[in-house]
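Comments concern the structure below.
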Amino acid sequence: EHGLNTLEHQPQKIAAMEANWNTGPNVPLVLFALPDEAAKENKFEIAIPDGASLVLRHSTSGVVPGLNDYPGNHPPVFPVFWGFRVMVGTGILMLLVSWSAAFFLKRRHSLPKPLAMLMVPMALSGWLATLAGWYTTEIGRQPWLVTGVLKTADAVGPVAGSHVALTLATYLVLYVLLLIAYLGVLVHLALKAAKDGDSSPLPGVMNAAMSQPAAGE
Ligand code: HEM
């Protein structure tokens, strides 16, 4: 639904997300490609035939907008195409990891070690997918701020570039500090649980599995 709304209001963003160069029917769903903006084509493309037409128009003969209809008026293709794939790929991975963890906890009351190890970097997956989604949305709307109405270049205010850079740097420093604090708390809790055993009362099936290390003591 979100994608169909974008198709109506920001067709050039959809064209970049799908790395589709020519408007037409039977547009494939590109799974992997290196979009080449100079040559206006995709290198090393792996695609599902008619996939984009099906997803966006619910018919294999559905017409999907192409980048070549928007010369000089479409966003940079590479970051939008890959931002979207990182977001969706991370989302699918989150589902797979959480569903398989729920399965193992229910059936075996413990997690296989590789899955438990994978869950450590997955702590940052929400952050990664959010950032990738945000990149897709904001880079994808360029060169427009309001598509067809106001260009980003025309909305530049009188604030000096150095001021903008200073604010950005302040935000960056603040968020790096918050990230360090967040990772610190996670590591602290994980070490504490590894040392004392985690006997915290968690709801439902989690309870039996998570308190297992303590049971052996
Ligand atoms: C798993 C499949 C997913 C699909 C199919 C999907 C689809 C979409 C679509 C169509 C957009 C709108 C792009 C636009 O028109 O500007 C979007 C934006 C976004 N997505 Fe996803 N997404 C998925 C997963 C995720 C996940 C797992 C997260 C974060 C945990 C996420 C975070 C975001 C964010 C933050 C935006 C930008 C919203 C905004 O600023 O308006 N997405 N996504």
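Read-outs throughout are calculated quantities, based only on the coordinates presented, and are distinct from any laboratory measurement. These figures come from a predicted structure and were not determined experimentally. Every residue, glycine among them, receives a Cβ derived from its backbone with ideal geometry; neighbour counts consider all protein chains shown.
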Quick note on Asp69, Asp154, ordering by fewest other C-beta atoms within 10 Å, gives Asp154, Asp69
Descending packing, highest mean Cβ count within 10 Å first, for 109-116, 187-194 is 109-116, 187-194
Taking a crude spin-label model, label points 7 Å out from Cα along the C-beta direction, the Val146 to Leu115 distance in nm is 5.0
Rounded to two decimals, the Debye log10 I(q)/I(0) of the chain (Cα scatterers, no solvent) at q = 0.08, 0.11, 0.15 Å⁻¹ is -0.46, -0.76, -1.03
Taking the chain and counting helices only, DSSP H stretches of n ≥ 4 at -39,500 (n - 2.57) each over all residues, the nearest-500 ellipticity at 222 nm comes to -18000 deg cm²/dmol
By the Cα gyration tensor axes a ≥ b ≥ c (a/c under 1.5 gives rounded; else a/b larger than b/c gives prolate, otherwise oblate), the shape of segment 1-97 is rounded
When Thr167, Thr147, Thr6 are arranged by how many other beta-carbons sit within 10 Å of their Cβ, fewest first, they go Thr167, Thr147, Thr6
Amide H neighbours of Glu41 at under 5 Å, excluding residues fewer than 5 places away on the same chain, with H built from the backbone geometry, are Asp36
